[in-house]
Amino acid sequence: MDSSSDEAAAGAAENKKKPPAAAKGKAAGKGKPAGPKASASAKESSLLKQKSPAEFFAENKNIAGFDNPGKSLYTTMRELVENALDSAESISELPDIEITIEEITKSKFNTMIGLVDRERVDEALYDDFESEKAREKRLAKEARFQETQAKNAALGKKVKEAPAVRGKGRGEAAFFKVTCKDNGRGMPHDDIPNMLGRVLSGTKYGLRQTRGKFGLGAKMALIWSKMSTGLPIEIKSSMKGQNYVSFCRLDIDIHKNVPHVHLHEKRENKTHWHGAEIQVIIEGNWTTHRSKILHYMRQMAVITPYAQFLFRFLSDAADKNLTIKFARRTDVMPPVPLQTKHHPSAVDLLLIKRLIAETTKQNLLLFLQHEFVNISKSHAERLIGEMGPDFSPKMAVKSLTSQQLVRIHQLFRQAKFDDPSGNCLSPAGEYNLRLGIIKELHPDMVATHASSPQVFEGHPFIVEAGISIGGKDVKHGLNIFRFANRIPLLFEQGADVITRTAAKRINWGSYKINQQQDKIGVFVSIVSTKIPFKGTGKEYIGDDITEISSAVKSALKQCCLQLKSKIVKKLQARERQDRKRNLNRYIPDVARAIMETLVEIADESPPKRPRYDKEDEELLEKINSQEVTEMTFKDCLTQHVEQVDYEMALDYAMQSGVSEEPREAIFLNSLEGSSKFVDFQSPVFVFRFIP
């Protein structure tokens, strides 16, 4: 060992003495050119390229929900609405949001960008060109269809509508101006370009319950605008107390992921408005996604009844114009979600390294105490003792080696920790969910339930559920409304845990509910610091997490139990009504039979011995004198039926705790919005104390 080390040291020293010669030999290479491997390596290194985040999402826009023009229009509107809600809720302002989608024809779009329309010269060059032979074939097919329909009409059979004629071509592009205006926080003047023109930059990053799925917001709409129309986005913004409105027109340099500002100025704020107004012009398809957009707005009105939405669709065709107002029903808002610390069982090795790089704590003990939830000082000391002799409470946390970080991660996965609380979560609330269902669906009956905070993989979650029976614009069977962090989920419903639980794991018949014939509305909202979405588009929650599927099933069962009690009482009330109706139907026949019997008895000759008591004798005398008639018996029997029905109804009311039929509540805006108050919330009401 020693001799070989000495030889190596001597060789190293000898080489050290002759660096010029060695360098010269390498440089000169004895006149030989560099080998093919070296040149290939240099070529490969020159071909390496780096993509910016904006470029990545532009090339993979389907990840963010921009699969096609129709879906892109829907996603753009959704992102803008959710940003507006977050902005208003962050300053505890009741959201007042206006959404306008304006259809722009091709000629109008060309005028906007300064492009002159040009008529076709070579028709055969276009994809939608129809040859003479193809035209004759199409007309012959239409003629045969009309002939068949005429025969069916003559025979009294059902006549089908003529199928829509679809051209071969892709059709002309349709463009839309999407505008969203809110009364929220607004954006600082100098931050607007980076907030909207730089992908993966924002104010919502951190461990908290958020509406967003990717943290892209309006930035992806800007990228789609850049790709489909090339036009910039326009932003107006003003914060509370500002005497000016910030106006910014910008687009994004996709390759560099930096904003390109066309105009950025301050304008006078005469109306003292605060909030943001974002306008973007994109390619879209209103026809294919009209129902999805309207369903989204309706479901958003259900889960946020404290918000007011005004939705408008404008078109040159007057019959396509649409204006819908989703009115506010309550002024009770959920609390703002709080940012929380990571639970030890939910972190990975990369996250531990990032927390160490960002922490201000000097030693390991303080780092464990203050960067994670549910680790007290004594618990941290026990963990450090379990890590081994290489660890100590006072050791510098930034000096930990890679092996030591792996040991910490392994211990976090194996050790026992208390579950995180749900204090950081902000569910809609049973009260708001119930009001939203009543406001939008007008059901015959509704039941709601909110679970206590539960945990999966170190993340807290809360499940809120509601089930309604009946209502307007509700189809027969199951109508499932899914929400994740208080936003509607409309796509890929079949694989979702909520759909599968409602359709396969609830025995509706045992709760007196007919799954096929009744109009059943199923509402489930899941809030968490981490929603376990599946698929690239994050449009559904997987059915593979036992904790969540069990919580959803339990919440729906609780709602079913409430409804069963109401349905049984309603059936009992219906039985009483049927019984009363049947008794009233037989009253005339019974009265006539009694009267005929008594008349026969009264007409008989008086017996030698008295067979009747005094009251009966008086009755027979009244019948003979026609003081008592058939109508008298009818009236007596009717009064008796009414009395029995009243007593049974009173007994039912005492058992059910109600004295009359339930009435739909109404919401009245408060006259003084500036009053300070304290809300005491219950699942079915809110008591507001105004000192």
With all protein chains present and a 1.4 Å probe, the order of E539, E268, E617 from largest accessible area down is E268, E617, E539
Using alpha-carbon positions, the gyration tensor of region 209-318 gives root eigenvalues a ≥ b ≥ c; with a/c under 1.5 called rounded, otherwise prolate if a/b exceeds b/c, else oblate, the class is oblate
Need the list of aspartates and glutamates near K394 for cross-linking: C-alpha distance under 17 angstrom, and skip anything on the same chain fewer than eight residues off. E371, E381, E386
Table column - 3J(HN,Hα) (Hz), region 240-257, Karplus curve with 6.51, -1.76, 1.60, x for Gly and Pro: 4, x, 7, 9, 9, 10, 7, 10, 9, 10, 8, 10, 10, 7, 5, 6, 9, 6
Compute the convex hull volume of the Cα atoms of region 344-414, divide it by the residue count, and report the result per residue in Å³ as a whole number. 79 Å³
Note down the nm distance, to one decimal, between modelled labels 7 Å out along Cα→Cβ at E130 and at R581. 5.7 nm
Extension gain L350-R592, at 0.36 nm per residue separation less the Cα-Cα distance, in nm? 77.9 nm
Distance cut-off 32 Å, Cα to Cα: go down the list K151/K475; K106/K519; K160/K475; K439/K557; K325/K570 and report the pairs above it. K151/K475; K106/K519; K325/K570
So, relative contact order of region 344-414 in percent, Cα under 8 Å, 6 or more apart, is 42 percent
What FRET efficiency, computed as 1/(1 + (r/R0)^6) with R0 = 30 Å and r the Cβ-Cβ distance, is obtained for H264 and I91, rounded to the nearest 0.05? 0.80
Grab the other residues whose beta carbon is less than 9 angstrom from that of V280, score K and R as +1, D and E as -1, and report the net. 0
For region 344-414, the accessible surface attributable to carbon and sulfur atoms (probe 1.4 angstrom, ligands and nucleic acids excluded) amounts in percent to 49 percent
Report for region 432-569 the percent antiparallel among DSSP-assigned beta bridges with both residues inside it, nearest 5. 75 percent
Sparsely packed trypsin sites (Lys or Arg not before Pro) within region 266-325, loop by DSSP, other Cβ within 10 Å at most 12: K270
Place the peptides 420-431, 188-199, 254-265, 105-116 in order of packing, highest mean first, counting for every residue the other Cβ atoms within 10 Å and averaging per peptide. 420-431, 188-199, 254-265, 105-116
Surface/4 of the Cα convex hull for region 482-529, nm²: 4.1 nm²
Report the accessible area of S452, computed with a 1.4 Å probe over the heavy atoms of all protein chains in place, in Å² rounded to the nearest 10. 80 Å²
Signed unit charges on C-beta, dipole axis of region 432-569, positive-most listed residue F533, A465, S510: S510
Note on region 508-634: alpha-carbon gyration tensor, axes a ≥ b ≥ c; rule is a/c under 1.5 for rounded, else prolate if a/b larger than b/c, else oblate; result prolate
Taking 0.36 nm per residue of separation and subtracting the Cα-Cα distance, what length does fully extending E161 through H442 add? 97.8 nm
Place a +1 charge on the Cβ of each Lys and Arg in region 344-414 and a -1 charge on the Cβ of each Asp and Glu, then give the dipole magnitude about the Cα centre in debye, rounded to the nearest 20. 80 debye
Output the Kirkwood hydrodynamic radius of region 432-569, Cα pairs only, in Å rounded to one decimal. 15.1 Å
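The values are calculated or read from the model by the stated rules, or taken from the named source; none is laboratory data. Quick caveat, the model's predicted, so the values are computed rather than measured. Ideal geometry is used to build each Cβ from the backbone, glycine not excepted, and the neighbour counts take in all protein chains shown. Ligands, DNA and RNA are stripped out before the accessible areas are found, and what is left, the full protein with its side chains, is counted by its heavy atoms. Shrake-Rupley method; radii C 1.70, N 1.55, O 1.52, S 1.80 Å.
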